[in-house]
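The values are calculated or read from the model by the stated rules, or taken from the named source; none is laboratory data. All values reported here derive from a predicted model rather than from experimental measurement. For neighbour counting, all protein chains shown are included, and Cβ atoms are generated from backbone atoms with ideal geometry for every residue, glycine included. In case anyone asks, the SASA skips ligands and DNA or RNA and just uses the protein heavy atoms, side chains included. Shrake-Rupley method; radii C 1.70, N 1.55, O 1.52, S 1.80 Å.
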Amino acid sequence: MTEAPAATDAVRRHDPELRGFASDNYAGAHPEILAALALANGGHQIAYGEDVYTEHLQDVFRAHFGPRAETFPVFNGTGANVVSLQAVTERWGAVICADGAHINVDECGAPERVGGLKLLTVPTPDGKLTPELIDREAFGWDDEHRAMPQVVSITQTTECGTCYTPEEIRAICDHAHQHGMTVHVDGSRLANAAATLGVPFSAFTTDAGVDILSFGGTKNGLLFGECVVVLNPDAVRAMKHLRKLSMQLASKMRFVSAQFEALLSGDLWLRSATHANAMASRLARGAQAVDGVEVVHQVQANSVFARLPHDVSERLRKRYRFYDWDE
């Protein structure tokens, strides 16, 4: 009879060679991130963000986003988005976003239920808002019967895998600011956008006029953790209180901050994002060469949106996981 492993024995329960096409969240953590966690372990550090790793993280993010940037580590992307949007709205405020935005279709109503926010959605052909599209919902500030548009939220890269240029984001920010609105960027794949554009993060965030952003780590090699980055401190209030109120304050925050330090202090973020983008382009080229397969959006990051014959999809999903984006 085979003895059961002891409770303390670690057991690998998956095939490490298996790959899927459903989400970058399926991937494990980068070895350099795991090494950083090991270095941050041991001994005692002050809890709730007063540790040396979180203190140093402020300088790390300021090197990328400018001297006024303030960084608040959180647990996950939904939390980062809800905290960010709460920070730049009032109780009667509304957020203009694309109808396919993650905050609208993939966060279980968290902006509405947790943040108490009204989302004003706009159809887009490629996931990208424009000043003209924003104007479909940018009205009625003095109408007490309507939720007041106070924020424009865009996703970089978008839910369609497309990428805003710095000029496009600047045009959105200028337009929003002219109407007294702030601009939030859902940047769960911000590193992929920077790799595609070949420019620093600041070129399409701080320098373009973005006020606040959610910076993604999990989709670029972290074990867990995202950050809210305040680029315009004049536009927000009470961030520390909002983070705690929203259940996003980590007690052992050093383990979130140490991962971001490893990601952003050197070029790990760029190496990983560039590789992910290259693999998506390789997949798209191979898929396009197959009869009956159509890639429907530009592949500008690590997302591929393909239209397949139904029977092909059914056969393929028996071997690989992927999501139906428009069944």
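A few remarks follow.
- Matching residues in region 264-315 - criterion: being in contact (Cβ under 8 Å) with a residue 24 or more places away in the chain, open to solvent by less than 50 Å² (accessible area, probe 1.4 Å) and either assigned to a strand (DSSP E or B) or not aliphatic (A, V, I, L, M) (or both): Trp269, Ser272, Asn277, His297, Gln300, Asn302, Ser303, Phe305
- Residues satisfying the criterion are present in region 165-183 (criterion: over 27 Å from Ala262 (Cα atoms), out of contact with any Asp or Glu (no Cβ under 6 Å at 6 or more places or on another chain) and basic (Lys, Arg)).
- Single condition Ala22 does not satisfy, out of (1) open to solvent by 80 Å² or more (accessible area, probe 1.4 Å); (2) part of a loop (DSSP other than H, G, I, E, B); (3) not charged (D, E, K, R): (1)
- Annotation note: of Cys97, Cys108, the sole residue that is within 20 Å of the chain's Cα centre (by Cα), open to solvent by less than 50 Å² (accessible area, probe 1.4 Å) and not polar (S, T, N, Q) is Cys97.
- Checking Val230, Val210, Val185 one by one, the residue that is more than 28 Å from Trp325 (Cβ to Cβ), among the β-branched types (Val, Ile, Thr) and modelled with pLDDT of 95 or more is Val230 and no other.
- Count of region 113-151 residues, restricted to those that are more than 20 Å from Glu168 (Cβ to Cβ), open to solvent by 70 Å² or more (accessible area, probe 1.4 Å) and not in a loop (DSSP other than H, G, I, E, B), is 2.
- Among the residues of region 57-82, those identified as open to solvent by 10 Å² or more (accessible area, probe 1.4 Å) and not in a helix (DSSP H, G or I) are Gly66, Pro67, Arg68, Glu70, Phe72, Phe75, Asn76.
- Residue pairs meeting the criteria (Cβ under 6 Å; at least 6 apart or on separate chains; first touching a residue at least 24 places away in the same chain (Cβ under 8 Å), in region 112-127; second in a loop (DSSP other than H, G, I, E, B) and of a type in the set (A, V, I, L, M)): Lys118/Ala147
- Residues that are crowded, with 21+ Cβ neighbours inside 10 Å and either part of a loop (DSSP other than H, G, I, E, B) or acidic (Asp, Glu) (or both) within region 157-189 comprise Thr157, Thr158, Glu159, Cys160, Gly161, Thr162, Cys163, Tyr164, Met181, Asp186, Ser188, Arg189, listed in sequence order.
- The residues of region 83-94 include none that are open to solvent by less than 10 Å² (accessible area, probe 1.4 Å) and without any contact (Cβ under 8 Å) to a residue 40 or more places away in the chain.
- If you go through region 221-230 and pick out every residue that is open to solvent by 10 Å² or more (accessible area, probe 1.4 Å) and touching a Ser or Thr at 6+ places or on another chain (Cβ under 9 Å), you end up with 3.
- Total residues in region 40-82, condition at positive phi and either touching a Leu at 6+ places or on another chain (Cβ under 8 Å) or in contact (Cβ under 8 Å) with a residue 40 or more places away in the chain (or both): 3
- Leading residue by the ranking (nearest to Asn81 (Cα to Cα)) among those in region 190-229 that are touching a Leu at 6+ places or on another chain (Cβ under 9 Å) and part of a strand (DSSP E or B): Ser214
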